[in-house]
Amino acid sequence: MQQEDQALVVVGPGRAFGVQLLRRFAREGFALGVIARSADTVGRIEADLAREDVAVTGEVADVTEPGAVTAALGKLADGLGGLTVVVYNAKLSIRGSALSVSAETVNQTLAVNVTGALTVVQAAVGLLADRRSTCVLLTAAGLRTEPAAGRFALAIGKAGLLALGTSLAPVLQARGIRLRTVVLEARVAPAGPLSPEAVAEHFWNVYSAPRGSVFRLVPPKGSDRAPQLFGEV
């Protein structure tokens, strides 16, 4: 698959694997862009990649503000020569258990974890349509009946994001855009069950896969040397 004139934008790059994800697509010749809520995050990522002579263009925007998101994506598309892949990785986690977290807090987290993704997809559709190999990737997490301590609101948001992706996929497919949901079944950390490098490779495999809509990455077991990738049509 040729990758010339292709560009990746990561919305909400985060600290867990954002730099590794950008680096992985850069190896395939993609131009890079990021959208983050803070200028500090944009600056950190630009500096990290600059040490490897990898250029990335950053924009600051809050995913809960549709006008700002639309403007940022449009500016990046102009500067990068169009968009090929948009990754939605933004999240908001406010601690609280099922009986202590308020409805207001849940709504606040859903604004980032679910409706923020919808805002980004709606803003990106016109920029992705009529280009080859276009794809939207959503970062979700495995469903858990017992979320990690204090992560009740985030668990709801990630489940909602998975449902959103399922609903949006056929709509985008009709416009020639693939939508794939990336489900990470464990914590991402250098010494954690899923390494940032493994997750970055997983995203590339999901983008490159010929078919499928939901792809799960689970930690290695026993003598396995690498995490296992499962795709669902």
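The values are calculated or read from the model by the stated rules, or taken from the named source; none is laboratory data. Everything numeric in this text was worked out from a predicted model, so none of it was measured. Every residue, glycine among them, receives a Cβ derived from its backbone with ideal geometry; neighbour counts consider all protein chains shown. SASA here: full protein model, heavy atoms, side chains in, ligands and nucleic acids out. Shrake-Rupley method; radii C 1.70, N 1.55, O 1.52, S 1.80 Å.
When you look at residue 134, is it closer than 26 Å to residue 38 by Cβ, surrounded by 17 or more Cβ atoms within 10 Å (Cβ to Cβ), among the polar types (S, T, N, Q) and in contact with a Ser or Thr (Cβ under 9 Å, 6 or more places away or on another chain), yes or no? So residue 134 fails the test. Looking across region 46-72, the residues that are surrounded by fewer than 22 Cβ atoms within 10 Å (Cβ to Cβ), part of a helix (DSSP H, G or I) and in contact with a strand residue (DSSP E or B) (Cβ under 9 Å, 6 or more places away or on another chain) come down to 46, 49, 68, 71. Based on what the data block shows, is residue 27 more than 19 Å from residue 198 (Cα to Cα) and over 14 Å from the mean Cα position of the chain (by Cα)? Considered against the rule, which asks whether it is more than 19 Å from residue 198 (Cα to Cα) and over 14 Å from the mean Cα position of the chain (by Cα), residue 27 comes out as no.
The C-beta contact set for region 8-19 (first residue aliphatic (A, V, I, L, M), second residue in a strand (DSSP E or B) and modelled with pLDDT of 95 or more, distance under 6 angstrom, 6+ apart or interchain) comprises 8/32; 8/85; 9/33; 9/86; 10/34; 10/87; 11/35; 11/88. Here residue 5 meets each of (1) open to solvent by 60 Å² or more (accessible area, probe 1.4 Å); (2) over 21 Å from residue 138 (Cα atoms); (3) assigned to a helix (DSSP H, G or I) with one exception, condition (3).
Here is a check on your reading of the model: is residue 225 of a type in the set (Lys, Arg) and either modelled with pLDDT of 90 or more or within 30 Å of residue 106 (Cα to Cα) (or both)? So residue 225 fails the test.
Scanning region 20-34 for residues that are aliphatic (A, V, I, L, M) and free of Cβ contacts under 8 Å to residues at least 60 places away in the same chain, we see that the one that is surrounded by the fewest Cβ atoms within 10 Å (Cβ to Cβ) is 26. Checked against (1) at pLDDT 95 or above; (2) part of a helix (DSSP H, G or I), residue 106 meets all criteria but (1). Checking each residue in region 94-120 for being within 26 Å of residue 56 (Cβ to Cβ) and either in contact with a strand residue (DSSP E or B) (Cβ under 6 Å, 6 or more places away or on another chain) or open to solvent by 50 Å² or more (accessible area, probe 1.4 Å) (or both) picks out 117, 118, 120.
Just one residue in the set 163, 191 is part of a loop (DSSP other than H, G, I, E, B), over 26 Å from residue 28 (Cα atoms) and open to solvent by 50 Å² or more (accessible area, probe 1.4 Å); that residue is 191.
Restricting the first member to region 77-88 and to residues that are closer than 14 Å to residue 130 by Cα and of a type outside the set (Gly, Ala, Ser), and the second to residues that are at pLDDT 95 or above and open to solvent by 30 Å² or more (accessible area, probe 1.4 Å), the beta-carbon pairs closer than 6 Å and six or more apart or on different chains are 83/127.
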